[in-house]
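The values are calculated or read from the model by the stated rules, or taken from the named source; none is laboratory data. The structure displayed is predicted, hence computed values, not measured ones. With ideal geometry, Cβ positions are generated from the backbone for all residues, glycine too; neighbour counts draw on all protein chains shown. For the accessible areas, the whole protein counts, side chains as well, though only heavy atoms, and no ligand, DNA or RNA atoms are used. Shrake-Rupley method; radii C 1.70, N 1.55, O 1.52, S 1.80 Å.
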Amino acid sequence: MNIVFFDKNVGDDFRREDLYAGQIYVYSPTPATTALCQLARDMCEEAFAPHDPAEAQHHVSVERYTEILKTLKPAFIHHPRCKELIRQILDEMRCDLERVCFDVPRLRTATSDEYLTSGLAYAFKPHRDTWYSTPQCQLNWWLPVYEVQADNCMAFHTHYWNHPLKNSSEEFNYQDWNNVGRKAAHNQGKSDTRRQSEALEPVKLDPQLRIVPEPGGLMIFSAAHLHSTVPNTSGRTRFSIDFRTVHLDELATNSGAPNLDSACTGTTIGDYLRGTDFSHIPEAMRNAYENLQTSSSAPNLTTA
Ligand SMILES: [Fe+2]
């Protein structure tokens, strides 16, 4: 059974236990999530001017659209205010900033009616983020920039929280993908030939859960949840922001959500920044994770 909690005011230690058990937390907009959304809106509206960003796909060519995203997305990811605002969000959510680390936020675009579903607007098929070399304790934070609806949001395929799914994650190595695949994303047109971790058997999409927060409303869920981009039939492009967190206590013991079926190598651990001073994860821990063969092994670290 998976439970969705709304605006539940609990400490982060308590909440993480729930999240590692497959529960999902949803929060109403806060001052910091609203500010992060506003930053994204300002940047999107400038980039797509004179068009409404959610409608721009109906007015510009795929090639021009891709050019705009190629500039817009990195500009948002690396905008200096993003890190500050994420720190504020974590603080509002009662996280221990000394122990919680985050990565830079991504700006996602899910266009409608298969206008663009590859490369910079890749439509994620059902997957667990843990198939992509993340630690089992990774948590995903997701918020819509503009209004979303049931046919342009994301879906959780909850059956697979406690059922393994045959997949190709053993062929995935984050370091290799980062060196080769991400650069190639800019050159993808209508089709995407990058090697992604994917299911190797038919996925039972139902039962599925679609949560529709208001703009700036926040969802937090385990990276081990099977989830996907909903086929967008709304006529409007969905813009959303997501970022990830890990807690140093769980990293030290490689604990978190159960690993049912992930066998990837490599690690994303070098991407996370500590909430207080934006420093990277300590080198000894990074090295221990880089030497792991599978994410189910223990890194044998007791301190962070
Ligand atoms: Fe994902």
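Being more than 10 Å from the ligand (Cβ to nearest atom) and touching a strand residue (DSSP E or B) at 6+ places or on another chain (Cβ under 8 Å) is the filter here, so list the residues in segment 126-137 that pass it. Don't jump to the end; show me each part of the working.
Quick first cut of segment 126-137, residues more than 10 Å from the ligand (Cβ to nearest atom) only: 133, 135-137.
Passing the criteria: Ser133, Pro135, Cys137.
Can you pull out the residues in segment 191-239 that are among the charged types (D, E, K, R) and under 26 Å from Ala32 (Cα atoms)? Write out each step before concluding.
Filtering segment 191-239 for residues among the charged types (D, E, K, R) gives 192, 194-195, 198, 201, 204, 206, 210, 214, 236, 238.
Selection gives Arg210, Glu214, Arg236, Arg238.
Looking at segment 71-94, which of its residues are open to solvent by less than 90 Å² (accessible area, probe 1.4 Å), within 15 Å of Leu218 (Cα to Cα) and of a type outside the set (Val, Ile, Thr)?
Selection gives Leu85, Arg87, Leu90, Glu92, Met93.
So which residues in segment 129-170 are part of a loop (DSSP other than H, G, I, E, B), open to solvent by 10 Å² or more (accessible area, probe 1.4 Å) and either without any contact (Cβ under 8 Å) to a residue 24 or more places away in the chain or over 25 Å from Leu85 (Cα atoms) (or both), if there are any at all?
Matches in segment 129-170: Gln149, Ala150, Asp151, Asn162, His163, Pro164, Lys166.
Going through segment 99-125 one residue at a time, which ones are among the hydroxyl-bearing types (Ser, Thr, Tyr) and away from the ligand (no atom under 14 Å from the Cβ)?
Answer for segment 99-125, where residues must be among the hydroxyl-bearing types (Ser, Thr, Tyr) and away from the ligand (no atom under 14 Å from the Cβ): Thr109, Thr111, Ser112, Tyr115, Thr117, Ser118.
Are any of the residues in segment 252-260 at pLDDT 95 or above, open to solvent by 10 Å² or more (accessible area, probe 1.4 Å), more than 19 Å from the chain's Cα centre (by Cα) and over 30 Å from Ile89 (Cα atoms)?
Looking through segment 252-260, at least one residue is at pLDDT 95 or above, open to solvent by 10 Å² or more (accessible area, probe 1.4 Å), more than 19 Å from the chain's Cα centre (by Cα) and over 30 Å from Ile89 (Cα atoms).
Given (1) loosely packed, with under 15 Cβ neighbours inside 10 Å; (2) part of a helix (DSSP H, G or I); (3) modelled with pLDDT under 95, where does Thr66 come up short, assuming only one miss?
Going through the list (1) loosely packed, with under 15 Cβ neighbours inside 10 Å; (2) part of a helix (DSSP H, G or I); (3) modelled with pLDDT under 95, Thr66 breaks only (1).
Residue-by-condition table, conditions (1) open to solvent by 20 Å² or more (accessible area, probe 1.4 Å); (2) out of contact with any Phe, Trp or Tyr (no Cβ under 7 Å at 6 or more places or on another chain); (3) modelled with pLDDT of 95 or more:
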{"residue": "Met1", "(1), (2), (3)": "yes, yes, no"}
{"residue": "Arg15", "(1), (2), (3)": "no, no, yes"}
{"residue": "Leu19", "(1), (2), (3)": "no, no, yes"}
{"residue": "Tyr27", "(1), (2), (3)": "yes, yes, yes"}
{"residue": "Thr33", "(1), (2), (3)": "no, yes, yes"}
{"residue": "Cys37", "(1), (2), (3)": "no, yes, yes"}
{"residue": "Pro50", "(1), (2), (3)": "yes, yes, yes"}
{"residue": "Gln57", "(1), (2), (3)": "no, no, no"}
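Which condition does Tyr160 not pass, out of (1) within 15 Å of the ligand (Cβ to nearest atom); (2) farther than 23 Å from Leu19 by Cβ; (3) not small (Gly, Ala, Ser), if it passes all the others?
Failing condition for Tyr160: (2).
Within segment 227-261, can you find the residues that are more than 15 Å from the ligand (Cβ to nearest atom), closer than 15 Å to Met154 by Cα and in contact with a Pro (Cβ under 8 Å, 6 or more places away or on another chain)?
Within segment 227-261, Thr237, Phe239 qualify.
If you scan segment 104-119, which residues turn out to be closer than 22 Å to Asp42 by Cα and surrounded by 20 or more Cβ atoms within 10 Å (Cβ to Cβ)? Give the derivation first.
So in segment 104-119, the residues closer than 22 Å to Asp42 by Cα come out as 104-112.
If the condition is that a residue be closer than 22 Å to Asp42 by Cα and surrounded by 20 or more Cβ atoms within 10 Å (Cβ to Cβ), then Pro105, Leu107, Arg108, Thr109, Ala110, Thr111, Ser112 are the ones that fit.
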